[in-house]
Amino acid sequence: MAEPAIRLRKVQLTLGSGASSVHVLKGIDLEVARGESVGIVGPSGSGKSTLLMVLAGLERPDEGEVEIAGQSLIGLSEDRLAAFRGRNVGIVFQSFHLIPNMTALENVAVPLELAGADEPFERARTELENVGLGDRATHYPGELSGGEQQRVALARALAPQPAILIADEPTGNLDQTTGRQVADLLFAEGERRGMTLVLVTHDPNLAHRCGREIGVRSGRIEKAGEAAAMEAAQ
């Protein structure tokens, strides 16, 4: 059997301390195959986004094992973790996270440049063309629509050619039509590149487009059949 792209074992995570601490993830076990698309669904506050942050190496679990693209993230230094993430994991956030005083081209190219990639600006220009923004490369985020900003963010996530693409509510700040266009692009690029795609969404239509849906409730993975019941109850 091929090694999975993502493997989590008994992951526990508490955020905060003392009386304000919250036990967010409670014994998470999860495997995602290479090239698979997975939608993570569940009520607000269930731990979905925190789970994505653990997958991306942006949150460290208190206990358990996190293995991404064959590499255990447990015990890696911050520098090694950042370098691994830069090579292997692309991340798209709901709120774009573009740098306002950089052009679209610079927003895509600078992370490549900092990572020591060859020809970062040429690669960035190609990625902007891939997402349909070749003619907007010199525009700043404030000069772009929400959909265009999210496509720049997607180009930035795709530029390092990551094995895994993680998206947290990628259409959450977009209207229905624009959100569908961004989703179409997300799935098309993921399939074209053979990437593993993991996304969190409250949009059932977007979740249904994934090859598999995983329900999360109160920090735990829902058992088979429970996710559908949870969705129907919402």
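Using the Cβ-Cβ distance between ALA83 and THR14 with R0 = 35 Å, the FRET efficiency computed as 1/(1 + (r/R0)^6) comes to roughly 0.80. Checking every one of the trypsin sites (Lys or Arg not before Pro) in the range 123-211 against DSSP loop status and a limit of 10 other Cβ atoms within 10 Å picks out no site at all. With contributions of -39500 (n - 2.57) from each DSSP H run of at least four residues, the per-residue ellipticity at 222 nm computed over the chain stands at -11000 deg cm²/dmol. With all protein chains kept in place, the per residue accessible area of the chain amounts to 48 square angstrom at a probe of 1.4 angstrom. If I take R0 = 35 Å and measure r between the Cβ atoms of ARG7 and TYR140 in this structure, what FRET efficiency does the formula 1/(1 + (r/R0)^6) give, to the nearest 0.05? The pair ARG7/TYR140 has a calculated efficiency of 0.30. Taking 7 Å steps out from each Cα toward its Cβ at GLU31 and SER95 produces label points 3.7 nm apart.
Rounded to the nearest 0.05, the FRET efficiency derived from the C-beta distance between GLN161 and GLU63 at R0 = 45 Å is 0.90.
Rolling a 1.4 Å probe over the protein heavy atoms of the range 104-234, with every protein chain left in place, gives an accessible area that is 46 percent carbon and sulfur.
The values are calculated or read from the model by the stated rules, or taken from the named source; none is laboratory data. This one's a predicted model, so the numbers in the text were calculated from it and none came from an experiment. Cβ sites come from the backbone with ideal geometry, for glycine too, and all protein chains shown count toward neighbours. Keep in mind that these areas ignore ligands, DNA and RNA; they rest on the heavy atoms of the full protein, side chains included. Shrake-Rupley method; radii C 1.70, N 1.55, O 1.52, S 1.80 Å.
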